[in-house]
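**Q** Dumping the structure here so I can ask a few things about it.
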Amino acid sequence: MIFTPEEIAGNYIAIGKKKAAMSPDRTFVLAVLAGMFIALAGCGASAASCTVGGSGGKLIGACVFPAGLTLVILAGSELFTGNCLLMLPVLHREISLGAMVKNWAIVYLGNFVGSLLVAWMVVASHQIGMFEGQLAVSAVRTAAAKASMPFLDGFLKGVLCNMLVCLAVWVSLGAKDVAGKVIGLFYPIVVFVVCGFEHSIANMFYGPTGLFAMGRPEYAALVLGEAKGLTWGNFFIKNLVPVTLGNIVGGAVFVGAAYWFVYLRGKNESHLPNETAGKKQ
C-alpha cells in the first residue's frame, strides 16, 4: 500500500509544521548530520567512479550517491534541498514565510558545517589518496569545473537537480515501508547525478575537498595547471550562489508550489486528504 500524491501533499503539511516548530539547536544538529550524510555519499560515489573511470564510472557513482538521501530520510536529519518543500505549508498558511526562511537558514548553515567537516577529514586522513592519487586528481578537477561554471548554467542545473531531489523525497513519502522508500528515492537521484545537475549541499563537499587537496603539496603536484580559477571566492560566487538559488526554485516552485496548487489549494485543514488532518502538531 502507498499514499496517493494527494495524501502525500496533505501529510507534508504536518511534517512541515513539525520542522518549523523544532528548536534551532535541534534543527542545527540534524542539519550537520544531513551535510555529513550527503558528503559521505559523495565521497563514496567519487571512490566508486574511480574504480572504472569514464561514463561507466559515472554511472556506478550515481548508483552509490542515493545512499546520502537514504540516510537523511531513514536515519532522520534536516537537508536544505529537501526542505524546499516547506513551500507547501507556507502557501497553505500553516507556517509563516519567516518560519520557512529561518529553517532554511539554520539548515543551510548546518549542512555546510557537516559537509565541510567530512571534506576536511577525507583529505586530512589521506583517504583522497586512493588509487595512487587519482581520487585527489578527480576531486580537484571536479572542484575546478564547478568553480568556473557560468552563472546561468549553475542556476538552471540547480533547478533541475532539486526538482529531482524533491521528487525523490516526495515519492519516498508515498511508501509505507523501508524498501518502498529506498526504491522510490533511488531513481530520481541516479538521474540527477548521471545528468550532471548541481546540488548545493553536495557541492559543499566537492568544492572544499578539491580546495583542501590543493593545499596539500603531495596532491597539488599531481594537478599542476588543472586547478586554474579554483579559489574559495570563485566556488562561492560562481557555483554555490547560483546553484542554491536554482535549488530553491526547482524545489519550492516546481515541486512544492505546483503540488500545493494541484492538491491543496482551497482546502482547509479539516479537509486535508490525509490521515493526519486535524491533528495538532
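**Q** Please state the charge dipole magnitude for the chain, taken about the Cα centre, from unit charges on C-beta atoms (+1 on K and R, -1 on D and E), reported in debye and rounded to the nearest 20.
**A** On the way: 19 positive and 13 negative charges, 89 e Å.
My answer is approximately 420 debye.
**Q** Please give the calculated 222 nm ellipticity per residue for the chain, where each DSSP H segment of at least 4 residues contributes -39500 (n - 2.57) and the sum is spread over every residue; nearest 500 deg cm²/dmol? Each step should come with its number before you reach the end.
**A** On the way: 12 runs with 175 residues, N = 281.
So the helix-based figure for the chain works out to -20500 deg cm²/dmol.
**Q** So how much slack lies between Leu59 and Ile237, counting 0.36 nm per residue of separation and subtracting their Cα-Cα distance, in nm?
**A** On the way: separation 178, 0.36 × 178 = 64.08 nm, distance 2.88 nm.
61.2 nm is the gain from fully extending Leu59 to Ile237.
**Q** Which three extents, in whole angstrom, do the alpha-carbon atoms of the stretch 155-273 cover along their principal axes, largest first?
**A** Computed over the stretch 155-273, the largest-to-smallest principal extents equal 62, 31, 22 Å.
**Q** Assuming 0.36 nm per residue, please report the length gained on full extension of the stretch Ser148 to Leu222 beyond their Cα-Cα distance. Don't skip to the end; give the middle numbers.
**A** Numbers: separation 74, 0.36 × 74 = 26.64 nm, distance 1.99 nm.
Once the chain is fully extended between Ser148 and Leu222, it gains 24.7 nm.
**Q** Can you run the Rg to Rh ratio on the stretch 73-193? Use alpha carbon positions and the Kirkwood inverse-distance Rh.
**A** 1.02
**Q** Step through the residues of the stretch 34-40 one at a time and calculate ³J(HN,Hα) from phi using the Karplus curve (6.51 cos²θ - 1.76 cosθ + 1.60, θ = phi - 60°), rounding each to whole Hz and writing x for Gly and Pro.
**A** Karplus values, whole Hz, x for Gly and Pro: 4, x, 5, 4, 5, 5, 5.
**Q** Now for a different question. Packing-wise, with mean Cβ within 10 Å as the measure, how do 120-133, 100-113, 198-211, 225-238 rank, highest first?
**A** Details: 120-133: 16.3, 100-113: 20.0, 198-211: 27.5, 225-238: 14.6.
Output ranking for 120-133, 100-113, 198-211, 225-238: 198-211, 100-113, 120-133, 225-238.
**Q** Taking the Cα centre of the stretch 104-213 as the origin, how large is its charge dipole in debye, to the nearest 20, when only Lys and Arg (+1) and Asp and Glu (-1) carry charge on their Cβ atoms?
**A** Working: 5 positive and 4 negative charges, 24 e Å.
Computed about the Cα centre, the dipole is about 120 debye.
**Q** Between Leu156, Leu185, Gly16, whose Cα lies farthest towards the positive end of the dipole of the chain when Lys and Arg beta carbons carry +1 and Asp and Glu beta carbons carry -1, centred on the Cα centre?
**A** Checked the options; the winner is Gly16.
**Q** Taking a temperature of 25 °C and a viscosity of 0.890 mPa s, what whole-number D in µm²/s does Stokes-Einstein yield for the chain with Rh from Kirkwood over alpha carbon pairs? Let's see the in-between values first.
**A** Numbers: Rh = 19.0 Å.
Roughly 129 µm²/s, to the nearest whole number.
**Q** Please tell me which of these pairs span more than 26 angstrom C-alpha to C-alpha: Lys58/Lys228; Lys19/Lys267; Lys17/Lys181; Lys17/Lys146; Lys18/Lys157; Lys18/Lys146? Numbers along the way, then the final one.
**A** Details: Lys58/Lys228 23 Å; Lys19/Lys267 21 Å; Lys17/Lys181 22 Å; Lys17/Lys146 35 Å; Lys18/Lys157 30 Å; Lys18/Lys146 35 Å.
Distance filter (> 26 Å) returns Lys17/Lys146; Lys18/Lys157; Lys18/Lys146.
**Q** Taking 0.36 nm per intervening residue step and subtracting the Cα-Cα distance, what contour gain separates Val178 from Val52 on full extension? Let's see the in-between values first.
**A** Details: separation 126, 0.36 × 126 = 45.36 nm, distance 3.03 nm.
Value of the extension gain: 42.3 nm.
**Q** Which of the listed residues, Leu240, Phe254, Leu135, is farthest toward the dipole's positive end in the chain, when Lys, Arg count +1 and Asp, Glu count -1 at the beta-carbon?
**A** Phe254
The numbers here are math on the coordinates, done by the rules we state, and not lab data. Keep in mind it's a predicted model, so treat the numbers as computed, not measured. Ideal geometry is used to build each Cβ from the backbone, glycine not excepted, and the neighbour counts take in all protein chains shown.
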